Amino acid sequence: MALKTSINVFFILIVFFFVGKLLLVFFGISLGVLKIAGGLIVAHTAWEMVTGNRKLSSEEKTEVETKKDISFTPMALPLLSGPGSIGVVIGLSSHQSYLIFYSGSAIGIILIALTVYIALILSMPLFKLLGKTGVGVLNRIMGFFILAISVQLMVNGFVSIYAEHLL
């Protein structure tokens with residue numbers, strides 16, 4: 001399941017990386033607006049981590065418990081490569097159009113998928129080591145840092161929009 005999930009994460013992110021610029025043009029969305037929207041979504045997720053709220057609805061939780069293969073939904077999409085991640089890779093895709101940049105970004109996405117695989121493989125031993133309380137504390141600490149990243153994304157988006165209007 002961990003391997004299938006990481007492969008799905010790779011394909012979701014790589015597809016949005018290569019079609020992201022086209023989507024922005026098609027929908028007429030500026031990069032600044034995308035950064036703000038992505039920042040809001042990431043902030044929502046981070047806030048849930050900090051406050052300890054559940055990530056899955058009761059319907060989603062029931063589906064996870066009864067579904068045999070959860071590698072695509074809900075694991076890869078929306079949990080691990082959801083709107084926030086997709087927004088980030090679309091933002092990356094719109095910065096440069098050089099082959100070296102695309103190659104480096106593709107390698108980065110491969111490394112993300114590999115990290116997802118390793119994290120999923122190590123999750124049960126880590127959970128046993130830390131216990132429920134330790135995992136909760138780690139989740140809140142990581143949520144705080146992710147919240148800071150989301151605020152930075154939004155600030156960058158506002159700066160981008162401001163800079164566009166000055167030109």
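Quick note: the coordinates plus some simple rules give every number you see, no bench work behind them. Since this is a predicted model, take the numbers as computed values, not measurements. Here the Cβ positions follow ideal geometry from the backbone for every residue, glycine too, while neighbour counts run over all protein chains shown.
Sort Ile141, Ile161 by Cβ crowding within 10 Å, fewest neighbours at the top. Could you put the intermediate results ahead of the total?
Working: Ile141 12, Ile161 16.
The fewest-first ordering by Cβ neighbours comes to Ile141, Ile161.
Put a dot 7 Å past the Cα of Val135, heading toward its Cβ, do the same for Ser58, and the two dots end up 2.2 nm apart. I'd like the trypsin sites (Lys or Arg not before Pro) in the stretch 58-167 restricted to DSSP loop residues with at most 14 other Cβ atoms within 10 Å, sorted by number. In loop regions of the stretch 58-167 (DSSP not H, G, I, E or B), the sparsely surrounded trypsin sites (Lys or Arg not before Pro) are Lys67, Lys68.
Ordering Ile107, Ile12 from the fewest to the most neighbouring beta carbons within 10 Å gives Ile107, Ile12.
Name all residues of the stretch 27-57 having a backbone nitrogen under 18 Å from the label point set 7 Å from the Cα of Met1 along its Cα→Cβ direction, giving them as ranges. Answer for this model: 55-57. If the viscosity is 0.692 mPa s and the temperature 37 °C, what Stokes-Einstein diffusion coefficient in µm²/s follows for the stretch 1-42 when Rh is the Kirkwood radius over Cα pairs? Translational D for this selection: 279 µm²/s.
A straight Cα-to-Cα reach below 20 Å connects Lys61 with the aspartates and glutamates Glu48, Asp69, residues fewer than 8 places away in its own chain not being considered.
When only C-alpha pairs under 8 Å and at least 6 residues apart count, what is the relative contact order of the stretch 2-166, in percent? Provide the component values of the computation, followed by the final result.
Details: 153 pairs, mean separation 83.3, N = 165.
Computed over the stretch 2-166, the figure is 50 percent.
For the chain, find the longest principal axis of its Cα atoms and tell me its angle to the long axis of helix 99-166, 0 to 90°, nearest 10. With rounding to tens, the tilt is 10 degrees.
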